[in-house]
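Scroll down for the structure; my scribbles are underneath it.
The values are calculated or read from the model by the stated rules, or taken from the named source; none is laboratory data. Predicted model only: the values in this text are computed from it and were never measured. With ideal geometry, Cβ positions are generated from the backbone for all residues, glycine too; neighbour counts draw on all protein chains shown. To get the accessible areas, we keep the full protein, side chains included, count just its heavy atoms, and leave off ligands, DNA and RNA. Shrake-Rupley method; radii C 1.70, N 1.55, O 1.52, S 1.80 Å.
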Amino acid sequence: WVTTFSDYTVASENRLTVIPDEVPFDVAALLGCAVTTGLGIVFNDANLRPGQSIAVFGIGGVGVNVLQGAALVSAWPIIAVDVHERKLAWAKRFGATHTIQVNQQDPRAAILEWTAGAGVDAAVDTTGQIPVRETAYAVTSHTGRTILAGVPPSGERMTIESFPLHFGRRIMGVHGGDTRPDADIPRYLQLWRQGKLKLAEQISHRYPLAEVNDAVAVVQSGTALRCILTMP
């Protein structure tokens, strides 16, 4: 299914999206997954409205674009949760109004305090870690949505209090933010042209393909936001 490193690829027409010639390839590459997933989570899955609240657990490629999408619809508060201070600093540049460093602050207590005990309208987990998923569900309001974007290891199970599901709370897994590439990517590029969507600003590191292992290592260290590989 992955054709990234192939010299030639046969692709179905509905897997292709035409983009304008002036769009740089490094910017276009970001639209292949995380940007469209993060924005789609906000616009399609959470259906977030102006003034509604959101908490994002994990500020990587998907998480930072959930923040951007939330800012575009004027959500409040927009809460970013991560273990890395550097990623929380990036989160503020991409729309977060509040940040939580989990080694210094209890996310559940802080989010409930900032939402007057109600919880957020949307809680998004991008990590796939079971304790994080359970916390995201716990801080979702009675009528809100817990959105699971991260994928947990096979066989792991999460435990939740299911009673609120009978009265409006929802929990959902997502795949690509329900994006329609042919319709959504041109629309996102229009936002980029207008300066309303940060794309190149997400690229924190660039590596040649021969240094792909270094790129993986810097991502795993938590010191990178997005890495771009230059193909020979």
- Query: Using a probe of 1.4 angstrom, how much of the accessible area of the chain is carbon and sulfur, in percent?
  - Reply: 52 percent
- GNM flexibility winner over the chain from Leu39, Leu199, Leu209 (Cα, springs under 10 Å): Leu209
- Task: With a/c under 1.5 counting as rounded, go ahead and sort region 58-183 into rounded, prolate or oblate using the C-alpha gyration tensor (a ≥ b ≥ c being the square roots of the eigenvalues; past the cut-off, prolate if a/b is larger than b/c, else oblate).
- Result: rounded
- For the chain: accessible area per residue (Å², 1.4 Å): 54 Å²
- In a Gaussian network model of the chain with springs linking alpha carbons closer than 10 Å, the residue among Ala46, Ala28, Ala217 that fluctuates most is Ala217
- Query: So how far, in whole Å, is the C-alpha centre of region 16-53 from the one of region 116-160?
  - Reply: 22 Å
- Total formal charge among the other residues, if their Cβ is under 15 angstrom from that of Lys92, Lys/Arg +1 and Asp/Glu -1: +1
- Task: May I ask you to list the trypsin sites (Lys or Arg not before Pro) in region 148-195 that are in a DSSP loop and have at most 12 other Cβ atoms within 10 Å of their Cβ?
- Result: Arg157
- Item | Computed [θ] at 222 nm, helices only, for the chain once each DSSP H run of length n ≥ 4 contributes -39500 (n - 2.57) | -9000 deg cm²/dmol
- Message: Using the Cα centre of the chain as origin and beta-carbon charges of +1 (Lys, Arg) and -1 (Asp, Glu), tell me which of Val62, Ala183, Gly95 is placed farthest towards the positive end of the dipole.
- Response: Gly95
- Query: For region 112-232, what relative contact order do you get, as a whole percent, if you take Cα pairs closer than 8 Å and at least 6 residues apart?
  - Reply: 17 percent
- Query: Quick one: helix 61-72 against the long Cα principal axis of the chain, what's the angle to the nearest 10°, folded into 0 to 90?
  - Reply: 70 degrees
- Averaging sequence separations of C-alpha pairs under 8 Å and six or more residues apart, then dividing by the length of the chain, give the relative contact order as a whole percent. 19 percent
- Note on the structure: In the neighbourhood of Ile203 defined by beta carbon distances under 14 Å, the net charge of the other residues (Lys, Arg +1; Asp, Glu -1) is +2
- Mean-square fluctuation maximum in Gaussian network of the chain, Cα pairs under 10 Å, restricted to Ala11, Ala118, Ala96, hits Ala11
- Message: Just to confirm my numbers, what's the Cα centroid distance between region 166-203 and region 60-79 in Å?
- Response: 10 Å
